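Enquirer: Structure in structure tokens, see below.
The values are calculated or read from the model by the stated rules, or taken from the named source; none is laboratory data. Keep in mind that this is a model prediction, so the values were computed, not measured. Here the Cβ is made from the backbone with ideal geometry for all residues, glycine too, and neighbour counts use every protein chain on show.
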């Protein structure tokens, strides 16, 4: 009798990757190549680098940290005169794939979350979000005046606004890497991050209106708010009612895997676009779509042919064994929606985090005065969000929630860039904000990792 | 006892899609939207349209035909004043995703092909390729002079050159849709298409050199030939020696699915890029990479956790049952490399075929004189390739091979566009070529489908 349990051998994987990588990288520079065909090389280079960076898992860190760091490295090699990776930064196709990557990630996180569980922690998430916006805003506004006196009033407003951001991508990925998306802490952070995105949108609109017109147009602001809230209400509350029905309908569709895949992924992308229409980040829509498609609604899917064949093979065994085998198979079926989307995630998600890392400008760290101010603002940024974690209520690790809210990531960068375009953020203040975004983004994964492993 | 055999219900799938589609399409036009964010909507629209078009499967046609036709429809709606789909035609990101799609498709076809089987039919594929190039070239050159007298000598040369092309994407997809990639006919066509790409490359270089300089530079042509042949020799012949070793090394890598996925997909994309460097079409490289990664080398992969759990569950049953279950599981393991790549295929491949369909310009069919000439040229195009099928030797259906070589697809379009840029192809001749490409591309899938189902 052959054993089903196959022999696996570990190791060699990383050596293999280094080999592959050393072999193929020089080819990038040997070529003229079509304008877009070069991406056939950039994509595997980014993916292989991301996998190389997953060496951080050996020191028990989440893979996302490695991807961010490798991004920081290749994004700053130009400081040493190495410019080979620079074209990526302005490559529209790679940048789109990165955007698509974070949309797919939040869709996956939504798929792994449970709308019912989220509703249960809804009020706590609201409290965390409100404090996580109000406190960092107030701290940024006042500490900014203290540390950098003499700037325009609007500058302090924008600094405060930037500190309110939460990058759900970073935190969500850490929870996902460590298989902790089902914890109450994760649900609270995800819920708070969604609410935070809505509040952040309103703050951005208010602050921008003050900067541009000197006053706030109530009708304008309420229009923005209404669009965002309408989307969320339709997506989440109606969705909660309709989710089981959608699941039922989807489970009846059986025209092969490709049909299911297409419907699932299309729903995710369309919701992402609808959120964008409502003025929210596309990732919020993707997350909402993922919530609607709860895995439990899809347990009729998966490999019917395997199930059937195994069913036939064990027909002579006792009922107890049959039931055990049945349970194993249906347990794995439960996760199938995710299995279907996952390879797309492997393809796109690392691109997002490597690109995010590449946007880190290490040269901003070189000015000691700016660095000192930035460190103080970073401390304030952490304090504001950690305090919000205290609102998470009992039965949860408040520190995990607080740190989960801490990374500003791409959301913080967007705020800073809008402020820059409006001309209210000086070169110096911009550097301070960038450093704060970098530090909150890079320090959160290892700390969150430590807290999650300890708890 | 619950039964493992779950209840499936067919139908409703298409109604659902129509519903989804009707609901979401108008949103495309309600939005301003970011430059690239709009693609979050275009992608699901294209994918849902592609799935809607899979209704052709109900009349026993391969899905690719539906995708091409829906592409033709939305690509020509502007003739009726409906311009909503026009932006797709110049959308760089969608066009890149389409290019990536056909690369992934040929990679998958390579994965499903067997290098040993291909070697066995190598000589026959060579014969088919040589006749399939020589005869259409000669026919195009002479029949062109007969039907359209008075054109430049070089025009007839280019017409002949365009007729030599073979679109392996279309044919390969039909074989794949019908699960016939393992047949000898498929292997011969795939082999011949690869050889055809090399010969076509040389012909294009020679003809272009004649047009531009009036003479042929031997050193230039031999350089082009050498690069292409060197790539193929390295990729295929050395690959054949190394494939089992590569497979062994890959099978020892066990750092999770994402690692395997990344290595596999990176190999495919890097080979596609190397082929591009060698002057060949990227799809040829992707196909070669797929050949190296034969599924049989990966039977150590797949869900170890399921295997292990089931193994435990049936521990008390007899050896015979265990072996049966074991065999079922390892049979499904065998195909795992493909399972891993397939969702990426679902996402990208339909984009390629819808976009290919969109490039069909129906207005070229409106001029009766041009249409008549084009029909004659199309007949010649079919005759040349069908005759090549006669070289396929015994034990195979020569008609399947011949029809398999017939579609010109994107390769023919590339030839026509280069001729256009060189100024040797008149507006009229260009229309004739486009119609020939359209007809060989659209008629082949249903005919091939008929022949394959009959055999």
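Enquirer: Can you pull out the residues in the range A:142-182 that are free of Cβ contacts under 8 Å to residues at least 60 places away in the same chain and surrounded by fewer than 19 Cβ atoms within 10 Å (Cβ to Cβ)?
Expert: Passing the criteria: A:142, A:145, A:146, A:149, A:150, A:153, A:179.
Enquirer: Quick test for you: out of A:215, A:138, pick the one residue that is surrounded by fewer than 22 Cβ atoms within 10 Å (Cβ to Cβ) and more than 18 Å from residue A:440 (Cβ to Cβ).
Expert: Step by step, each of A:215, A:138 is checked, and only A:215 is surrounded by fewer than 22 Cβ atoms within 10 Å (Cβ to Cβ) and more than 18 Å from residue A:440 (Cβ to Cβ).
Enquirer: Restricting to the range B:326-379, count the residues that are within 11 Å of chain A (Cβ to nearest Cβ) and at pLDDT 85 or above.
Expert: 10
One line per residue, one yes/no per condition, for (1) modelled with pLDDT of 90 or more; (2) over 30 Å from residue B:280 (Cα atoms); (3) assigned to a helix (DSSP H, G or I):
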site: A:14; (1), (2), (3): no, yes, yes
site: A:32; (1), (2), (3): no, no, no
site: A:36; (1), (2), (3): no, no, no
site: A:70; (1), (2), (3): yes, yes, yes
site: A:94; (1), (2), (3): yes, no, yes
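Enquirer: Just to check your reading of the model, which residue among A:244, A:295 is at pLDDT below 70, more than 19 Å from the chain's Cα centre (by Cα), more than 7 Å from chain B (Cβ to nearest Cβ) and within 13 Å of residue A:107 (Cβ to Cβ)?
Expert: When all the criteria are applied, what remains is A:295.
Enquirer: Would the range A:249-265 turn up any residue that is more than 7 Å from chain B (Cβ to nearest Cβ), farther than 18 Å from residue B:52 by Cβ and modelled with pLDDT under 65?
Expert: Within the range A:249-265, one or more residues are more than 7 Å from chain B (Cβ to nearest Cβ), farther than 18 Å from residue B:52 by Cβ and modelled with pLDDT under 65.
Enquirer: Would you say residue B:135 is within 14 Å of chain A (Cβ to nearest Cβ) and either at pLDDT 90 or above or not in a helix (DSSP H, G or I) (or both)?
Expert: No; evaluated as a whole, the condition is false for this residue.
Enquirer: Among the listed residues B:143, B:207, B:233, B:229, identify the single one that is closer than 26 Å to residue B:370 by Cβ, modelled with pLDDT under 85 and more than 20 Å from the chain's Cα centre (by Cα).
Expert: Details: B:143 fails: modelled with pLDDT under 85; B:233 fails: closer than 26 Å to residue B:370 by Cβ; B:229 fails: closer than 26 Å to residue B:370 by Cβ.
Answer to the selection: B:207.
Enquirer: Also, I was wondering about something else. Considering only the range A:81-94, I want to know if a residue exists there that is buried (at least 17 other Cβ atoms within 10 Å of the Cβ), away from chain B (no Cβ under 14 Å), within 22 Å of the chain's Cα centre (by Cα) and closer than 30 Å to residue B:227 by Cα.
Expert: yes
Enquirer: Give me the helices (runs of 4 or more DSSP H) completely within the range A:352-433, filtered to those with at least 2 residues that are more than 23 Å from the chain's Cα centre (by Cα), ordered by residue number.
Expert: A:368-389, A:409-421
Enquirer: Continuing with the same structure: In a helix (DSSP H, G or I) and either touching a strand residue (DSSP E or B) at 6+ places or on another chain (Cβ under 8 Å) or at pLDDT 85 or above (or both): which single residue out of B:154, B:179, B:220 fits that description?
Expert: Going through B:154, B:179, B:220 in turn, the sole match is B:154.
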